[in-house]
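Below is one structure, written out as structure tokens, with a few remarks after it.
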Amino acid sequence: MQLYALCDADTLHTRGIDPLSFAQRAKSLGATVLQYRNKHTDIASVKADLITLRQIWEGFLIINDHYELSAFCDGVHIGQEDLYAIDPDPIRAIKILKMAIGEDKIIGLSTHNAEEITIANTLDVNYIGLGAYRATSTKSEAKVLGERLDEIASLSNHPVGAIGGVKLDDTFSHVTYLVIGSGLL
């Protein structure tokens, strides 16, 4: 399994850790993907953070939600609500997203159950995130899949990233990426 690091600005800020330190730690552990998530600051600050991260991050750099900033990274990760906010038809939503960011960019999609994976299987995305595996402080409303995550992951036609409370020593049979957040530190 590959390591996918989720750099959540709010979580890091509460722990007194800057995104660059987190990225350096992720890099030292062999992470191949870094997703930057910052939901509570202005777009100019998010852009500046992406530019700074790109200077040290050699792997894939993904922005969470802010697809208008895709020029500064390798792709975008969106959630279910974000997908349907683009268009009520998920196939059309992905087509619109691809037009906005370009065909060469990576698209990741959060999923939470077998039904959402079935829909994702019809979409032109590069990977899905599936979870939550365990309860987390950042997404208190997330339904915990626990040991069922691996079974549900087997339904996906796309590479799967296990999300939500994942630890470095977790193992899965049908998961490509361990998505680790502040637990890297």
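Observations
- Selection count, the stretch 146-155, where residues are buried (at least 19 other Cβ atoms within 10 Å of the Cβ) and either within 16 Å of K27 (Cα to Cα) or among the hydrophobic types (A, V, I, L, M, F, W, C) (or both): 3
- Qualifying residues in the stretch 79-108 (those that are in contact with an Asp or Glu (Cβ under 6 Å, 6 or more places away or on another chain) and in contact (Cβ under 8 Å) with a residue 12 or more places away in the chain) - the one nearest to L123 (Cα to Cα): I94
- Residue in the stretch 83-106 that is within 20 Å of A153 (Cβ to Cβ), crowded, with 18+ Cβ neighbours inside 10 Å and in contact with a strand residue (DSSP E or B) (Cβ under 6 Å, 6 or more places away or on another chain) present: yes
- Note on the stretch 156-173: among residues that are among the aliphatic types (A, V, I, L, M) and crowded, with 24+ Cβ neighbours inside 10 Å, the one that is farthest from L123 (Cα to Cα) is V166.
- Odd one out for I119, checked against (1) without any contact (Cβ under 8 Å) to a residue 60 or more places away in the chain; (2) surrounded by 14 or more Cβ atoms within 10 Å (Cβ to Cβ); (3) under 17 Å from the mean Cα position of the chain (by Cα); (4) within 18 Å of G161 (Cα to Cα): (3)
- Among the residues making up the stretch 56-65, those that are outside any strand (DSSP E or B) and surrounded by fewer than 20 Cβ atoms within 10 Å (Cβ to Cβ) are I56, E58, G59, D65.
A quick yes/no check of all residues on (1) under 30 Å from N113 (Cα atoms); (2) aromatic (F, W, Y); (3) in contact with a Ser or Thr (Cβ under 6 Å, 6 or more places away or on another chain):
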position	(1), (2), (3)
A9	yes, no, no
H13	no, no, no
K27	no, no, no
A48	no, no, no
W57	no, yes, no
D65	yes, no, no
S70	yes, no, no
V76	yes, no, yes
M99	yes, no, no
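- Residue that is farthest from L6 (Cα to Cα), among those in the stretch 157-169 that are part of a loop (DSSP other than H, G, I, E, B) and touching a strand residue (DSSP E or B) at 6+ places or on another chain (Cβ under 6 Å): H158
- With respect to being at pLDDT 95 or above, hydrophobic (A, V, I, L, M, F, W, C), surrounded by fewer than 22 Cβ atoms within 10 Å (Cβ to Cβ) and over 22 Å from I96 (Cβ atoms), F72 falls outside the description.
- For the stretch 20-36, filtered to residues that are buried (at least 21 other Cβ atoms within 10 Å of the Cβ) and not aromatic (F, W, Y), the residue that is nearest to the chain's Cα centre (by Cα) is Q35.
- Check on L53, within 14 Å of the chain's Cα centre (by Cα), surrounded by 18 or more Cβ atoms within 10 Å (Cβ to Cβ) and under 15 Å from L6 (Cα atoms): no
The values are calculated or read from the model by the stated rules, or taken from the named source; none is laboratory data. The model shown is predicted, which means the values in this text are computed figures rather than measured ones. Quick reminder, even Gly has a Cβ in these numbers, built from the backbone with ideal geometry, and neighbours come from all protein chains shown.
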